[in-house]
1. Does Ile254 qualify as being aliphatic (A, V, I, L, M), assigned to a strand (DSSP E or B), touching a strand residue (DSSP E or B) at 6+ places or on another chain (Cβ under 9 Å) and in contact (Cβ under 8 Å) with a residue 60 or more places away in the chain?
2. Take segment 170-226 and flag every residue that is charged (D, E, K, R) and in a loop (DSSP other than H, G, I, E, B).
3. Does any residue in segment 194-213 that is among the small types (Gly, Ala, Ser) come within less than 6 Å, Cβ to Cβ, of a residue that is away from the ligand (no atom under 11 Å from the Cβ) and in a loop (DSSP other than H, G, I, E, B) six or more places away or on a different chain, and which pairs are these?
4. Met163 passes all but one of (1) crowded, with 22+ Cβ neighbours inside 10 Å; (2) outside any strand (DSSP E or B); which number fails?
5. Kindly indicate whether any position in segment 233-250 is within 16 Å of the ligand (Cβ to nearest atom) and free of Cβ contacts under 8 Å to residues at least 40 places away in the same chain.
6. Determine whether Arg106 is part of a helix (DSSP H, G or I) and surrounded by fewer than 19 Cβ atoms within 10 Å (Cβ to Cβ).
7. Please indicate, with yes or no, whether at least one residue in segment 55-77 is open to solvent by 10 Å² or more (accessible area, probe 1.4 Å) and closer than 17 Å to His285 by Cα.
8. Is it the case that segment 25-36 has a residue that's within 15 Å of Asn113 (Cα to Cα), β-branched (Val, Ile, Thr) and under 22 Å from the mean Cα position of the chain (by Cα)?
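The values are calculated or read from the model by the stated rules, or taken from the named source; none is laboratory data. Note that this is a predicted model, so its numbers are computed, not measured. Note: ideal-geometry Cβ built from the backbone for every residue, glycine included; neighbour counts use all protein chains shown. Please note that ligands, DNA and RNA were not included when accessible areas were found on the heavy atoms of the full protein model with its side chains. Shrake-Rupley method; radii C 1.70, N 1.55, O 1.52, S 1.80 Å.
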Amino acid sequence: MANIKGVAFIKGDYCPIAEAKISLLDWGFLRSDATYDVAHVWQGRFFRLDKHLDRFLASVARLRLTLPYDRVQLTDILAQCVRRAQLQDAYVEMICTRGISPTFSRDPRDAVNQFMAFAIPFGWIANEEQRRRGLHLMVSTVRRIPPESVDPKIKNYHWLDFMQAMFEAYDRNAENVVLLDANDNVTEGPGFNLFIVKDDDVITPASGVLEGITRRTVFDLCAELGVTTKQALLPVECLGSADEVFISSTAGGIMPVTRIDNVPIGNGQPGLLTQQLTDLYWQKHNDPDWTTPID
Ligand code: PLP
């Protein structure tokens, strides 16, 4: 931990990431009563920061949290974290927790909400080899928390389903995992959305998932390429018959999947459309319309 290069903003001040601490009594920790968002910086530029801020502010409002900073101040704090950490490629997280009730009453309305943020080096869901030859996923027996209980559109730390599923995947020599809903439809994985390509259509689950900013970006890139996208129910059987499968995440962009439950997808190689979308995704990282430079 002490070796991670990074800077945090906490209790109104900046400090090295290793020194950033929250109270044991913060309900963000004790109750997972918090929301967060993660944006990234690539070669000194934020990618689609406005969209991350829109989602974060919407999640904060949905959870009836309040922030002491407006959008401009938030942007400045995030940029300061990156600048102070001297990072060109960064993973930038913003968090709002319920905080602590001064009397430690059980009433969440009494709590003083906390905002914190940090910038650390950019990290990938798939390593270099996995990105080149495609990830090997498994379909977990652990079901995703139902959206009627915890709305996945609010970016949240309710990750016990994902964590159990990851251990299950590692036990079976898979590299990552995708979860189904109670009706055997595909949802998402720990930190990513999933897409299939079938007969030239690009399809992703319509609901029961976080509306990823990279997911949104896939829709935008497909529109540029003239490729049809669909948001639909995705029964688990669709995975086996897909021409291509890929995942999308701020932590790595668009990444190919070439095996699911040990069965090759298509010809077992990363798909052509997946590659085309990946190339276009990274090209957009120099485009002033999609990025915000950090001085
Ligand atoms: N789904 C979940 C559960 C996530 O936690 C994330 C990102 O962390 C995603 C999907 C992908 O979202 P984004 O593209 O905004 O990173």
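1. Working: aliphatic (A, V, I, L, M): yes; assigned to a strand (DSSP E or B): yes; touching a strand residue (DSSP E or B) at 6+ places or on another chain (Cβ under 9 Å): yes; in contact (Cβ under 8 Å) with a residue 60 or more places away in the chain: no.
Spelling it out, it is not the case that Ile254 is aliphatic (A, V, I, L, M), assigned to a strand (DSSP E or B), touching a strand residue (DSSP E or B) at 6+ places or on another chain (Cβ under 9 Å) and in contact (Cβ under 8 Å) with a residue 60 or more places away in the chain.
2. At the first step, the residues of segment 170-226 found to be charged (D, E, K, R) are 171-172, 175, 181, 184, 188, 198-201, 211, 215-216, 220, 224.
Arg172, Glu175, Asp181, Asp184, Asp199, Asp200, Glu211 - these are the residues of segment 170-226 that are charged (D, E, K, R) and in a loop (DSSP other than H, G, I, E, B).
3. What qualifies is Gly208/Pro147; Gly208/Asp181.
4. (1)
5. Initial filter on segment 233-250 (within 16 Å of the ligand (Cβ to nearest atom)): 234, 245-250.
Now drop any that are not free of Cβ contacts under 8 Å to residues at least 40 places away in the same chain, which leaves none.
No, there is no match, as no residue in segment 233-250 is within 16 Å of the ligand (Cβ to nearest atom) and free of Cβ contacts under 8 Å to residues at least 40 places away in the same chain.
6. For Arg106, the condition - part of a helix (DSSP H, G or I) and surrounded by fewer than 19 Cβ atoms within 10 Å (Cβ to Cβ) - is not met.
7. no
8. Taking segment 25-36 and keeping what is within 15 Å of Asn113 (Cα to Cα), we get 25-36.
From the residues that got through so far, the ones that are β-branched (Val, Ile, Thr) too are 35.
Still in the running and under 22 Å from the mean Cα position of the chain (by Cα): 35.
Within segment 25-36, one or more residues are within 15 Å of Asn113 (Cα to Cα), β-branched (Val, Ile, Thr) and under 22 Å from the mean Cα position of the chain (by Cα).
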